[in-house]
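A.B. asks: One structure, as structure tokens, below. Some questions next.
What follows draws every value from the coordinates through simple rules; no lab data is involved. Nothing here was measured: the structure is a model prediction, and the numbers come from that model. Reconstructed Cβ throughout: ideal geometry from the backbone, glycine too, with neighbour counts over all protein chains shown.
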Amino acid sequence: MQRACGDGPAELPALEDPGAEGEPDPKAKQNEQRPEPKPDTEPEPELDTKLEPDADPAPDPEPAPAPEPEPERPAEAELQTRVPSSAPLTVQNPAEQGDVSLQERRPRPVARIRTKTKGKKAAGVRVPDESRGRRPLTVTVDSSKARTSLEALKISLRQLKWREFPFGRRLPCDIYWHGVSFHDSDILSGQVNKFPGMTEMVRKITLSRAVRIMQDLFPEEYNFYPRSWILPDEFQLFVAQVRMVKDGDPSWKPTFIVKPDGGCQGDGIYLIKDPSDIRMAGNLQSRPAVVQEYICKPLLIDKLKFDIRLYVLLKSLEPLEIYIAKDGLSRFCTEPYQEPNFGNLHHVFMHLTNYSLNIHSGNFIHSDNANTGSKRTFSSILCRLSSKGVDIKKIWSDIISLVIKTVIALTPELKVFYQSDIPAGRPGPTCFQILGFDILLMKNLKPMLLEVNANPSMRIEHEQELSPGVFENVPSLVDEEVKVAVIRDTLRLIDPLKNKKKENRSSGLSTTTSKTESQGKESWFQAERHLLLNIEAGQLRSEQCNKISGMREESREGTDEPQPEDIFDAEAYMNNEASLPSICLKQVFPKYAKQFNYLRLVDRMANLFIRFLGIKGTTRLGPTGFRTFIRNCKLSSSTFSMASVDILYIDITRRWNSMGLEQKESGMCLQAFVEAFFFLAQRRFKHSSLQEQVASLVDLCEYHLTLLDEKRLLCSKGTSSGRPPNSSSSQERLPLTQPPNGSFLPRNNTANKFAHYRHPQS
């Protein structure tokens, strides 16, 4: 199958893979120390001059240390003391007492005297093989909730040589792979492949609202998302705005696309030419929707419309880490494209690229070739565009920018959900998630965001109709090529054994290892004691001894309990890493953080919101918390009293709670808080743009909270030392402590910068 070519995704630099190069043959150099792998010295091509990586990229992972030698077991001859033949041993094996029939059935072997040897085996002497039964420490994955991604996950785990538990496990696993949401199972440790709240955040209405907030602040940066209206709440606004634009430009003949909020796989999507065409027969209140401007001039390949499914890994929220897969899928319509008119509005195979719809078309082409068919690799499309002189680096630069900006729009509310389900200071898993970004290239090659999928399909097979009504699942090589690589390399990036290389040197691991080894030796000594009794009684043969030893190893391999042999084998780990292809996921954040950090204004507002929530596990701000926020940030004045604050809270909260959203608790949600914050910023500062007003208010709030935290710290220090708080000199002041929400509020410049904020003009 053809891989990426030329200027396609294959040229995106891969993450440096420890152990990928310079690795000796382990068979040829068994007695030599393994050299450290050389880092990839190939220069990394720039994606675009607009995207420059930060000066301080994340350090490469340290090479794995050489494995520590396993403590030797004592030779069997040291355990076997001779018993005089004149005193026959009459003690029975406890397992055989009272079982006459069993004793009669067992063979009566002749004992063979063993002598202590060193170095190599002698005739009739068995020396314990330290490598026998050794099971290197491996990552455990619970795949019992994987659902449709199970087959791709299984292939990935086999390539990684990790241990899968398809029916769950009594003991905790390192990784839990969920098919739907964070709440598929209750877990308190490890890592899970879903973020709490992600499913709710990428629904069409919530995503549109999150992007709209960013469009209000940064209209030029967020012009990659079509203009949207939320139904039924904004139906009248939609009608009025369309009429106003048509009155100003009679030649404007737009097309709109209506998407149900909870719809998937193209269900319920339809096109309209006028707001009056919206289907009001169904109750919009029971099934809200989003209506958007339809993109009438997409880029065509073979006269067909297509979209791009790109896979994005959100590895962490705090700190924010984003990766993009170098390859994706291109999904084609199955009917030649024409601009929408009243005659073709209902041709779903012409306008909708959803795979689940077009697979039912008679023109759908199944192909194992990445360059043909109705589903192709994105790299094959880029190769084709590159052959026509298109600047592929510019396309990738625009796509990376789109992905980073979209994730920045989603992270504020994701943080609120995260602290609700996994409060700071309580046990809980860490999270990561693979997202599916659906992107459409316009005729001018500008990428437009269609939607984000929290659960992108990871199936690597498709249904093929053998006879009428008889279907069979047939493997799809195009899907397998892309999706298995994404899952496998996601697991490599979150591999918990990467930290084991450091922990293996620490005393904590040594203590745990010695404890398990002592338990293993104790049971081993007991087994050898029974072996000694039977040997001196003349009841076992050497063949039977080997059989028992083999049964013991099989029993050990079949258990979930930690074994003394379960140690981190750094050499085996590095050998397996070297056998894998380079990682297909490209880090884009924090690599390009300096270019995009200025967009994280709402993220800073979310930190303020979380700080004043008060009660752990909640996502709504109560009236007391809102008043405390106003008071601590000193936002009230003679012209804006606390009574006005209460009225503002009640009005905004009541309006947001009446929008028909699912309400699990009362109070002010984050988006309502953002609206109130915008109102306060516009009232207090008279700058030209909303962005400057909001940035100034965020700086002011963080400044006052920094002073408050320092004051509390000094009071605490003075109380503990028995001195008054003001007795400390300026040199004795400690840095800012951690606020209740568990994250530091960034300190801005000195108090001189905000001296005029203390006495604002009314």
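A.B. asks: Taking R0 as 51 Å, what FRET efficiency do you get between His183 and Met244 from their Cβ-Cβ distance, rounded to the nearest 0.05?
C.D. replies: Efficiency computed from Cβ-Cβ geometry: 0.70.
A.B. asks: Still on this model: Going 7 Å from the Cα of Ile365 in the Cα-to-Cβ direction, what parts of the stretch 286-324 have a backbone nitrogen less than 15 Å from that spot?
C.D. replies: Residues 301-306 qualify, since their backbone N sits under 15 Å from the label point.
A.B. asks: Of Lys194/Lys375; Lys273/Lys586; Lys204/Lys483; Lys443/Lys483; Lys253/Lys375, which pairs sit farther than 30 Å apart, going by alpha carbon to alpha carbon?
C.D. replies: Lys273/Lys586; Lys253/Lys375
A.B. asks: Hey, another quick one. Give me the percent of DSSP beta bridges within the stretch 175-315 that run antiparallel, rounded to the nearest 5.
C.D. replies: Among the beta bridges of the stretch 175-315, antiparallel pairing accounts for roughly 90 percent.
A.B. asks: Given the Cα-Cα distance of Asp302 and Glu318 and 0.36 nm per residue of separation, how much length would full extension add, in nm?
C.D. replies: 1.4 nm
A.B. asks: Then there's this: Convert each backbone phi in the stretch 297-313 into a coupling constant with the Karplus relation 6.51 cos²θ - 1.76 cosθ + 1.60 (shift: θ = phi - 60°), then list the ³J(HN,Hα) values in order as whole Hz, x for Gly and Pro.
C.D. replies: 10, x, 6, 10, 10, 6, 6, 10, 6, 8, 10, 10, 9, 9, 9, 10, 9
A.B. asks: Does the stretch 664-723 classify as rounded, prolate or oblate by the C-alpha gyration tensor (a ≥ b ≥ c root eigenvalues; a/c under 1.5 gives rounded; else a/b over b/c gives prolate, otherwise oblate)? Each step should come with its number before you reach the end.
C.D. replies: Details: a/c = 5.05, a/b = 1.76, b/c = 2.87.
The shape class here is oblate.
A.B. asks: Can you compute 3J(HN,Hα) from phi for each residue in the stretch 217-224, using the Karplus curve 6.51 cos²θ - 1.76 cosθ + 1.60 with θ = phi - 60°, rounded to whole Hz and x for Gly and Pro?
C.D. replies: After applying 6.51 cos²θ - 1.76 cosθ + 1.60, I find 7, 10, x, 6, 6, 10, 8, 8 Hz.
A.B. asks: How large is ³J(HN,Hα) for each residue in the stretch 155-160, as worked out from phi by the Karplus curve 6.51 cos²θ - 1.76 cosθ + 1.60 (θ = phi - 60°), to whole Hz, x for Gly and Pro?
C.D. replies: Couplings: 4, 4, 5, 5, 5, 7 Hz.
A.B. asks: Oh, and also: Take the alpha carbon gyration tensor of the stretch 591-645, find the square roots of its eigenvalues, order them as a ≥ b ≥ c, and report rounded if a/c is under 1.5; if not, report prolate when a/b exceeds b/c, else oblate.
C.D. replies: In terms of gyration-tensor shape, oblate.
A.B. asks: Mind listing the long-range amide H neighbours of Val588? Cut-off is under 5 Å, sequence gap 5 or more, other chains count too, H placed in the peptide plane at 1.01 Å from N.
C.D. replies: Ile322, Tyr323, Ile324
A.B. asks: Under the classification rounded if a/c is under 1.5, otherwise prolate if a/b is larger than b/c and oblate if not, where does the stretch 313-467 fall, given a ≥ b ≥ c as square roots of the Cα gyration tensor eigenvalues?
C.D. replies: Prolate.
A.B. asks: Pick out, in residue order, every one of the trypsin sites (Lys or Arg not before Pro) in the stretch 255-350 that is DSSP loop and has at most 16 other C-beta atoms within 10 Å; say none if there are none.
C.D. replies: The qualifying sites are Lys273, Arg279, Lys303.
A.B. asks: For Asp651, Asp603, what ranking results if the residue with the fewest other Cβ atoms within 10 Å of its Cβ goes first?
C.D. replies: Fewest to most other Cβ atoms nearby, the residues stand as Asp651, Asp603.
A.B. asks: Give me the distance between the Cα centres of the stretch 421-436 and the stretch 163-192, rounded to whole Å.
C.D. replies: 12
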